[in-house]
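Report on one structure; see the data block that follows.
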Amino acid sequence: MTDGGRTGAVGGAVAAGGMSVELPLWRAISLFRVLALGYALLRYADSYLEFLHPVAGWIYLGALTLWTLASTRAFSGPQRCTWYVLGTDLTLVVTGIVMSGLTDAPSRIAHGAPTLPTIWAAGTVLGFAGRGGWRWAAAAGSVIGVANILGHGGPTGDNIHNIVLLMVAGCAIGYVIELARASEATLTRALQVEAATRERERLSRDIHDGVLQVLALVQRRGSERGSEQPGGGADFAELGRLAGEQERALRALMSGGPLPAQREPEEPQDLRALLGPYADERVTLSAPGTPVLLPAPAAGELAAAVGAAVDNVRRHAGAEARAWILVEDEPEAVTVSIRDDGPGFAPGRLGEAERAGRLGVSQSIRGRLLDLGGTAELYSSPGEGVEVELRVPRSVPHGARHTARLDAP
């Protein structure tokens, strides 16, 4: 992840949770720099008379004091602590180490005298750790270590010991901050998903409640009209019966109970009988003369997908459009083609409809074939009608779910 990505993730986590986990670490780093500055000033005040050039040391520590106070606010978080600030910090540390080798007495350096910035250098490494993680902390620690070896005493035991401690502390803090950022980003995504899921559930409940009320009303009114017209109310009675079935199915879906479709018989069913009701003066059905047998659930779902395609023809192809349903009974699969002579549609139209929330093709056709392990292919161009080809394998392992294909050239 880039630094910008990490900072953005932290910002999102702060917004979601109120405060980032790493902010207390940044406050600790800022406080450490101030305390380390005080320690460096006390150490130098106690020994500056032993330096070869004590005035130069005071000038450096004065500049270090001004910079520490000026950059305290910058070290309050990763957004303010820019690479420019850290670069300036590192430059001051290296400068102080090199000046220590030039201003201090050789005898003191040989006996392990500390550098002018002393432990203030650790604050720089911790800043790099907070900004870029353990790798940047290791890089900053390496630069400071090289400066110690080349500019102050060489590769002595004290120098090596101090460098190792600096690297371990910086890398450990950097790794902890990286873990904190990853955890916060994961938590933020989980909270966002949870909020979106709750909103979808709320909308779904509102929509389902409205649909249930309409279905109940249609069932009641259909039954009433059917009883009021004994000689000609069969259509109303059938409408009421179907509305009642759909209401019960929807309530079962909302409550998590078994759906009516799950209790269908398992024996094979003739697809021709299910497709027959779709044929009329505008829709022609062509099927083999022998039964086209499929497991009952698969036959029902395939017939429902064909019904959705025929319904699209009646609603969108125009009042004069005709449609043809062709059933092909093959050894490995059953293929049903639905073709019309309507106006067709332009490429990209299905995608626009799906984004607008019209999911007839996406759910009623493609979704059903997807669940059956089959494919749904759609071909259309302006002025040439639409052809939908549905293909269902004869034997699909239980629970199988393959990728359906819906092409609109």
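The values are calculated or read from the model by the stated rules, or taken from the named source; none is laboratory data. Bear in mind the structure is a predicted one, so any value in this text is a computation, not a measurement. Because the Cβ atoms are built from the backbone with ideal geometry, glycine has one as well, and the counts that use them run over all protein chains shown. Protein only, heavy atoms only, side chains kept; ligands, DNA and RNA dropped before computing areas. Shrake-Rupley method; radii C 1.70, N 1.55, O 1.52, S 1.80 Å.
Return yes or no: is Pro155 open to solvent by 60 Å² or more (accessible area, probe 1.4 Å), in contact with a helix residue (DSSP H, G or I) (Cβ under 9 Å, 6 or more places away or on another chain) and outside any helix (DSSP H, G or I)? Criteria met by Pro155. Of all residues in the range 60-82, those being surrounded by fewer than 13 Cβ atoms within 10 Å (Cβ to Cβ) and hydrophobic (A, V, I, L, M, F, W, C) number 3. Has the range 331-344 got any residue that is modelled with pLDDT under 85, open to solvent by 20 Å² or more (accessible area, probe 1.4 Å) and assigned to a loop (DSSP other than H, G, I, E, B)? Checked against the condition, which is being modelled with pLDDT under 85, open to solvent by 20 Å² or more (accessible area, probe 1.4 Å) and assigned to a loop (DSSP other than H, G, I, E, B), the range 331-344 yields at least one hit.
Listed by first and then second residue, the pairs with beta-carbon distance under 8 Å, at least 6 apart or on different chains, first residue in the range 92-117 and touching a residue at least 60 places away in the same chain (Cβ under 8 Å), second part of a helix (DSSP H, G or I) and among the basic types (Lys, Arg), are Pro114/Arg43. Scanning the range 169-192 for residues being open to solvent by 90 Å² or more (accessible area, probe 1.4 Å) and either touching a strand residue (DSSP E or B) at 6+ places or on another chain (Cβ under 7 Å) or free of Cβ contacts under 8 Å to residues at least 60 places away in the same chain (or both) gives a total of 2.
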